[in-house]
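Asks: Could you have a look at this structure, given as structure tokens, before my questions?
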Amino acid sequence: MNERPGIYVHIPFCQRKCYYCDFVSYPLDKGYSDVIERYLVALLREIPLRRSWLNKTQGASNPYVFHSLYIGGGTPSILSVEQIGRLMEVIRRCLPLSEEAEITLEANPGTIDAGELRGLRQIGVNRLSLGVQSFDDVFLARLGRLHNVNDVLRVVEEARMAGFRDLSFDLMLGLPGQDLAAWQETLARAVKLRPEHISCYELTIEPDTVYGQWYRQGKITLPIEDTVISMLEWTGQYLADHGYEHYEISNYALPGYKARHNLIYWQNRWYLGLGAGAYSYWQGRRWGNTYQLKKYHDLIAIDELPEEEEEILDLRGQAGETMMLGLRLLEGVSLAEFRARFGISMWELWPEDIDGFLAQGLLELDRGRLRLSSRGLLLANQVLCAFVGSS
Ligand code: SF4
């Protein structure tokens, strides 16, 4: 397969923990600049270690050029431009990035100003993924977000002035107390700003979060399923009417602006993860770096890669993940490409599941591709789970 691998870098710090969040991110109190600098120094040591690993795995003349770099978190915009510049310089030196690489930085609207945005463009960041979440200050406060709607309006204007031509908004739907009209208002205000890319995620309550605790105590309730389905259906129609292509279950893009880095995940291609809590996938092996900061620092200090868990996927495991991830894309999975990649047809591996979902109208076949139907999109988890975990 023609691999065009990507790089993910995890910055596991936030100014404060949002109430619904269970990502690997540590809230930082006063004196946080020392913690961040120390982490960056460790990260800068991990990169050449990963390069040496790559040389051993692929040979020193390995042909891989990386086509995307995604700096996520956490809140990567908590780093200064100078720090992000140092990070990118070492990455470029050790893990060659293509000239046209998509370089994304996740940013929280309240943590970045006009000067920093100009600086980011100058060092080569060409895409910003903004954690907008809502265009309603009441919902933002209820989510525990630190920014407000004015911060979003300001950062979008300043990012455009700094030269950013590729902005992505993360939005959340299905929030406690949110009805269809409230979601419509948020989406309409987002579209008015014409971001090139919009991700719409349904809130899920994770047990080990403030929301998880409030949910168990009955302090918050989620909208009923019918309301969420109406939100999702309306979203698809509204965004299509405004020129956005629905290309992945939760993602929409103006023509030419699909998230190239995220496509690597959905197409089950290779990527290297750097930093505490980052995951990697390379040649059928999936591994995670430790998310514990102390352990991360201790391992890097003795020039050891900070890996903690690993899974080696056999061909069937890789095929199952390719289906589970690929069916998230609205174009689905090509029957011919699947066979060329795994040497077997998907029907030979999952005859009953595929025929069953086709008969129920959850999957459909179109021009040599198997994909979720519109009904299947609403019940996606039920379909996707069938392709992993069984042998
Ligand atoms: S900003 Fe993002 S990563 Fe940080 S706590 Fe909030 S949701 Fe989690």
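Asks: Of ARG367, ARG341, ARG328, which residue is loosely packed, with under 15 Cβ neighbours inside 10 Å and either in contact with a His (Cβ under 7 Å, 6 or more places away or on another chain) or under 23 Å from LYS258 (Cβ atoms) (or both)?
Replies: Selected residue: ARG367, the only one of ARG367, ARG341, ARG328 that is loosely packed, with under 15 Cβ neighbours inside 10 Å and either in contact with a His (Cβ under 7 Å, 6 or more places away or on another chain) or under 23 Å from LYS258 (Cβ atoms) (or both).
Asks: Right, next: Among (1) of a type in the set (Ser, Thr, Tyr); (2) at pLDDT 95 or above; (3) out of contact with any strand residue (DSSP E or B) (no Cβ under 7 Å at 6 or more places or on another chain), there is one condition TYR70 misses while meeting the rest; what is its number?
Replies: The number of the failed condition is (3).
Asks: Kindly list, by first and then second residue, each pair from a residue in region 92-110 that is part of a strand (DSSP E or B) to a residue that is within 13 Å of the ligand (Cβ to nearest atom) and small (Gly, Ala, Ser), limited to pairs with Cβ atoms under 6 Å and residues at least 6 apart or on different chains.
Replies: That search, which allows pairs on different chains as well, returns THR104/SER129; GLU106/GLY72; GLU106/GLY73; GLU106/SER129; ALA107/SER77.
Asks: Quick check on this structure: which one of VAL138, VAL152, VAL156 is β-branched (Val, Ile, Thr), over 20 Å from THR75 (Cα atoms) and either in the same structural domain as GLY72 (by TED's automatic domain parsing) or within 16 Å of the ligand (Cβ to nearest atom) (or both)?
Replies: After applying the criteria, what remains is VAL138.
Asks: Go through region 33-60 and give me each residue that's within 25 Å of the chain's Cα centre (by Cα) and of a type in the set (Ser, Thr, Tyr).
Replies: If the condition is that a residue be within 25 Å of the chain's Cα centre (by Cα) and of a type in the set (Ser, Thr, Tyr), then TYR39 is the only one that fits.
Asks: Going by what's in this entry, would TYR8 be described as of a type in the set (Ser, Thr, Tyr), within 16 Å of the ligand (Cβ to nearest atom) and not in a helix (DSSP H, G or I)?
Replies: yes
Asks: Check whether at least one residue in region 111-123 is within 16 Å of the ligand (Cβ to nearest atom) and surrounded by fewer than 20 Cβ atoms within 10 Å (Cβ to Cβ), and report yes or no.
Replies: yes
Asks: I'm told LEU358 meets every condition in (1) farther than 30 Å from LEU43 by Cβ; (2) in contact (Cβ under 8 Å) with a residue 40 or more places away in the chain except one. Can you identify the failing condition by its number?
Replies: Unmet condition: (2).
Asks: Continuing with the same structure: Quick check on my filter: what residues within region 264-298 are crowded, with 19+ Cβ neighbours inside 10 Å, in a helix (DSSP H, G or I) and out of contact with any helix residue (DSSP H, G or I) (no Cβ under 9 Å at 6 or more places or on another chain)?
Replies: Listed by number, the list holds a single entry, ILE264.
Asks: Has region 82-95 got at least one residue that is within 16 Å of the ligand (Cβ to nearest atom), among the β-branched types (Val, Ile, Thr) and either within 20 Å of the chain's Cα centre (by Cα) or over 19 Å from ALA259 (Cβ atoms) (or both)?
Replies: No.
Asks: If you don't mind, there's one more thing I want to ask. Provide a single number: the residues in region 344-378 that are outside any loop (DSSP other than H, G, I, E, B), within 21 Å of TYR247 (Cα to Cα) and not aromatic (Phe, Trp, Tyr).
Replies: Within region 344-378, residues that are outside any loop (DSSP other than H, G, I, E, B), within 21 Å of TYR247 (Cα to Cα) and not aromatic (Phe, Trp, Tyr) number 14.
Asks: While we're looking at this one, here's another question. From (1) touching a helix residue (DSSP H, G or I) at 6+ places or on another chain (Cβ under 9 Å); (2) touching a residue at least 12 places away in the same chain (Cβ under 8 Å); (3) among the acidic types (Asp, Glu); (4) not in a strand (DSSP E or B), pick out the condition that doesn't hold for GLU331.
Replies: All conditions pass for GLU331, except number (1).
Asks: Between a first residue in region 283-298 that is hydroxyl-bearing (Ser, Thr, Tyr) and a second residue that is at pLDDT 95 or above and in a strand (DSSP E or B), which pairs have beta carbons less than 7 Å apart while being 6 or more apart in sequence or on different chains?
Replies: Every condition considered, the pairs that remain are THR290/GLU308; TYR296/ASN289.
Asks: Also: Select from region 222-253 the residues that are among the hydrophobic types (A, V, I, L, M, F, W, C), in contact with an Asp or Glu (Cβ under 7 Å, 6 or more places away or on another chain) and within 30 Å of ALA319 (Cα to Cα) and list them in ascending order.
Replies: ALA253
Asks: Go through region 299-328 and report how many residues are part of a strand (DSSP E or B) and among the acidic types (Asp, Glu).
Replies: Within region 299-328, residues that are part of a strand (DSSP E or B) and among the acidic types (Asp, Glu) number 5.
Asks: Out of curiosity, is VAL132 modelled with pLDDT of 95 or more, closer than 14 Å to PRO195 by Cβ, within 14 Å of the ligand (Cβ to nearest atom) and surrounded by 17 or more Cβ atoms within 10 Å (Cβ to Cβ)?
Replies: Spelling it out, VAL132 is indeed modelled with pLDDT of 95 or more, closer than 14 Å to PRO195 by Cβ, within 14 Å of the ligand (Cβ to nearest atom) and surrounded by 17 or more Cβ atoms within 10 Å (Cβ to Cβ).
Asks: I'd like the full set of residues that are within 15 Å of the ligand (Cβ to nearest atom), out of contact with any helix residue (DSSP H, G or I) (no Cβ under 8 Å at 6 or more places or on another chain) and in a loop (DSSP other than H, G, I, E, B), limited to region 23-42.
Replies: Matches in region 23-42: PHE23, VAL24, SER25, ASP29.
Asks: Then there's this: Any chance region 222-237 includes a residue that's in a strand (DSSP E or B) and surrounded by fewer than 18 Cβ atoms within 10 Å (Cβ to Cβ)?
Replies: Within region 222-237 (the criterion being in a strand (DSSP E or B) and surrounded by fewer than 18 Cβ atoms within 10 Å (Cβ to Cβ)), the answer is no, since none of the residues qualifies.
Asks: Residue check: is ILE78 within 16 Å of the ligand (Cβ to nearest atom) and under 24 Å from the mean Cα position of the chain (by Cα)?
Replies: Here the answer is yes, as ILE78 does meet what is asked.
The values are calculated or read from the model by the stated rules, or taken from the named source; none is laboratory data. Please read all numbers here as calculations on a predicted model, not as lab measurements. As a convention, Cβ positions derive from the backbone with ideal geometry for all residues, glycine included, and neighbour counts pool all protein chains shown.
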